[in-house]
Amino acid sequence: MTDRSFAGQAAVVTGGAQGIGAAVAGQLAARGVRVALWDMDKALAGETAAGLGAYAAAFGVDIADSASVQAAMAATVDAFGGVDILVNSAGIAGLNAPLADYPEDEFRGILDINLTGTFLVNRAVVPGMTERGYGRIVNIASVAGKEGNPNASAYSASKAGVIGLTKSLGKELAGLDIAVNCVTPAAARTRIFDQMKQEHIDYMLSKIPRGRFLELDEAAAMIVWLASPENSFTTGATFDLSGGRATY
């Protein structure tokens, strides 16, 4: 399937090796978008890219490291000529523990990836988008960034930061045809669950009125629309993917 509205476009999907990122990459590639999968696990990203065919390429990237992001951006521009779409899906859940017991290094590490990483990746694509006067950025936040999950202070804080960063950048670029939005998913059953205690997984499920976890293709469908030329007005906004959990 080729969607003419995406004709000639190229995308970066961070965390694209698996989970929501891989689902988004698959839907973009099916629409004829050339997709660069940026992921810490380059081998797995390569397998995912191979399954997407000629439209995809894999790059090993640590989004928390500025030099790594800059190198990946240069390599992607060399391969694709530019970046029209960014879907920033890379992130970690981190330790579940009460704030009073939370290790400082763990807290900083989660913010480095989830928030500083979002900043670095957004910063990498904005100059090219600004020069061309066109772009679509979708940052993956979390319903935890709206409501806060107990025993997940670092994760909740990092995702609240992603929402704030997205709103700020959306306003900065609103005079151009560059849309910057974020989504706030409830939990989806991905490899990130491996980082969580079962009691925390059960807690998240209990808070979703739909009574089930988010499906990856459901998330990808909304994200791909936000990344499309059809999304020509909305920017600096937060889109709910929480199955009825979010109260605002």
Any chance the range 59-79 includes a residue that's modelled with pLDDT under 95 and touching a Phe, Trp or Tyr at 6+ places or on another chain (Cβ under 6 Å)? no
How do the helices (runs of 4 or more DSSP H) wholly within the range 86-190 filter down when requiring 1 or more residues that are of a type in the set (A, V, I, L, M, F, W, C) and under 19 Å from D240 (Cβ atoms): which remain? 144-147, 153-172
Hey, could you check the range 162-175 for residues that are out of contact with any Ser or Thr (no Cβ under 8 Å at 6 or more places or on another chain) and either of a type in the set (D, E) or closer than 25 Å to H200 by Cβ (or both) and say which is surrounded by the most Cβ atoms within 10 Å (Cβ to Cβ)? E172
Going by what's in this entry, would V83 be described as in a helix (DSSP H, G or I) and within 17 Å of the chain's Cα centre (by Cα)? no
Is it the case, given these coordinates, that I178 is within 15 Å of the chain's Cα centre (by Cα) and either under 18 Å from F239 (Cβ atoms) or buried (at least 19 other Cβ atoms within 10 Å of the Cβ) (or both)? no
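With assigned to a strand (DSSP E or B) and either out of contact with any His (no Cβ under 6 Å at 6 or more places or on another chain) or of a type in the set (V, I, T) (or both) as the only criterion, which of A36, A22, A50, A54 stands out? Quick ask: steps written out before the conclusion?
Working: A22 fails: assigned to a strand (DSSP E or B); A50 fails: assigned to a strand (DSSP E or B); A54 fails: assigned to a strand (DSSP E or B).
Of the residues listed, the single one that is assigned to a strand (DSSP E or B) and either out of contact with any His (no Cβ under 6 Å at 6 or more places or on another chain) or of a type in the set (V, I, T) (or both) is A36.
Would you please name the residue that is surrounded by the fewest Cβ atoms within 10 Å (Cβ to Cβ), looking only at residues in the range 58-73 that are among the aliphatic types (A, V, I, L, M) and closer than 11 Å to D41 by Cβ?
Initially, the range 58-73 is screened for residues among the aliphatic types (A, V, I, L, M), giving 58, 61, 63-64, 67, 69, 71-73.
Now restrict to residues that are closer than 11 Å to D41 by Cβ: 58, 61.
Values: A58: 23, V61: 29.
Ranking the candidates gives A58 first.
Taking into account only those residues within the range 57-67 that are in a loop (DSSP other than H, G, I, E, B) and touching a Gly at 6+ places or on another chain (Cβ under 7 Å), which is farthest from N122 (Cα to Cα)? First the steps, then the outcome.
To start, the set of residues in the range 57-67 that are in a loop (DSSP other than H, G, I, E, B) comprises 61-65.
Filter once more, keeping what is touching a Gly at 6+ places or on another chain (Cβ under 7 Å): 63-64.
Details: I63: 10, A64: 12 Å.
Once the filter is applied, the top-ranked residue is A64.
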It is to be established whether one or more residues within the range 7-19 are surrounded by 24 or more Cβ atoms within 10 Å (Cβ to Cβ), assigned to a helix (DSSP H, G or I) and touching a residue at least 60 places away in the same chain (Cβ under 8 Å). no
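The values are calculated or read from the model by the stated rules, or taken from the named source; none is laboratory data. These numbers come from a predicted model, not from an experiment. Glycine gets a Cβ as well: all are built from the backbone with ideal geometry, and neighbour counts include every protein chain shown.
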